[in-house]
Amino acid sequence: MAIFAKVEDGIVTQVIVAEQDFVDAQEGTWVQTSDSIRKNRASIGDTYDLTRDAFIVPQIFPSWILDEDSCKWEAPVTYPADGKRYDWDEDTTNWVLADDYAWEPPIPYPDDGEEYTWDESTTSWVLTADYGL
């Protein structure tokens, strides 16, 4: 058994798991697909690019660029590697910190009743009064 995609006018319209004999008896153009052949596994709505012999998902954002080797869409700006979660903002064509991201300091907030401010340069809590706030 293998996975096959039915392609009509360059677009995947159906994906099935079947024996080759079954697929050979079907109408239309059927192309075998998997993670290891044709660059990407086909899904309904994908494009089959005959020249590249690859399945390509629809372009995610207008600014994203197709990587010719992997046939995957890539952002024109590298995803930040700081461990935080980002979303793509097409208006600025850049990554922005996710709205639901809640940063947590590596050191717990002091529990002594005083008011503190996080100081990134010293990576510590500093009394807010010391900041003149």
Less than 12 Å Cβ to Cβ from SER63, Lys/Arg counted +1 and Asp/Glu -1: what total charge do the surrounding residues give?
-4
Karplus 3J(HN,Hα) series, Hz, for the stretch 21-27 with 6.51 cos²θ - 1.76 cosθ + 1.60 (x for Gly, Pro)
4, 5, 5, 4, 8, 8, 6
Of the candidate values (1) 108; (2) 204; (3) 184, the one computed for volume of the Cα convex hull per residue in Å³ from this structure is (3)
Less than 20 Å from a label point 7 Å out along the Cα-to-Cβ axis of VAL23: which backbone N atoms in the stretch 42-69 qualify, by residue?
42-57
List, in order, the whole-Hz ³J(HN,Hα) value for each residue of the stretch 29-36 obtained from phi through the Karplus relation with A = 6.51, B = -1.76, C = 1.60 and θ = phi - 60°; use x for Gly and Pro.
9, 10, 10, 5, 9, 5, 6, 9
Residue-count net charge about PHE4 - beta-carbon cut-off 14 Å; Lys, Arg +1, Asp, Glu -1:
-3
Those aspartates and glutamates that a straight Cα-Cα span of less than 15 Å connects to LYS72, excepting residues fewer than 8 apart in one chain
ASP35, ASP46, ASP49, ASP53
For ASP46, other-chain or 5+-apart residues with amide H closer than 5 Å (H placed, Pro excluded) are VAL12
If I take all pairs of Cα atoms in the stretch 2-58, what percentage of them are more than 17 Å from each other?
27 percent
Given the peptides 62-68, 50-56, arrange them by the average over their residues of other C-beta atoms within 10 Å, most packed first.
50-56, 62-68
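No value in this document is a laboratory result; all are computed from the given coordinates. Worth saying up front: this structure is predicted, and the values here are computed from it rather than measured. Because the Cβ atoms are built from the backbone with ideal geometry, glycine has one as well, and the counts that use them run over all protein chains shown.
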